[in-house]
Amino acid sequence: MLFACKECLYVFESKIKPDQCPDCGKYAVRKATEQQAAEYRAYKNSKECKAV
Ligand SMILES: [Zn+2]
């Protein structure tokens, strides 16, 4: 499942919903929106392509 931080907009994958953002530590974790999920997947793909 994908989650996103409302404060710093960090998107990450997790099996269970964490209370705190792993990036900024704030209690602002929400379920990622479809747009955020798409951006996350695009970012991951581009990173894998550049890792040459
Ligand atoms: Zn955050």
Compute the signed sum of charges (Lys and Arg +1, Asp and Glu -1) over the other residues within less than 12 Å, Cβ to Cβ, of Thr33.
-> +1
Over every pair of different alpha-carbon atoms in the chain, take the mean of 1/r and invert it; report that Kirkwood radius in Å.
-> 11.4
Hey, in the chain, which Cys have no second cysteine's beta-carbon closer than 4.7 Å?
-> Cys49
Expressed in nm to one decimal, what extension gain is obtained for the pair Ala38 and Lys6 from 0.36 nm per residue of sequence separation less their Cα-Cα distance?
-> 9.9 nm
Difference of contour (0.36 nm per residue) and Cα-Cα distance, Cys49 to Cys24 | 6.3 nm
Dipole of the stretch 2-50, Cα-centred, from +1 at each Lys and Arg C-beta and -1 at each Asp and Glu C-beta, to the nearest 20 debye?
-> 80
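FYI, it's all coordinate maths here, none of it is from the lab. This is a predicted model, so every value here is computed, not measured. Neighbour counts run over all protein chains shown; Cβ positions are idealised from the backbone, glycine included.
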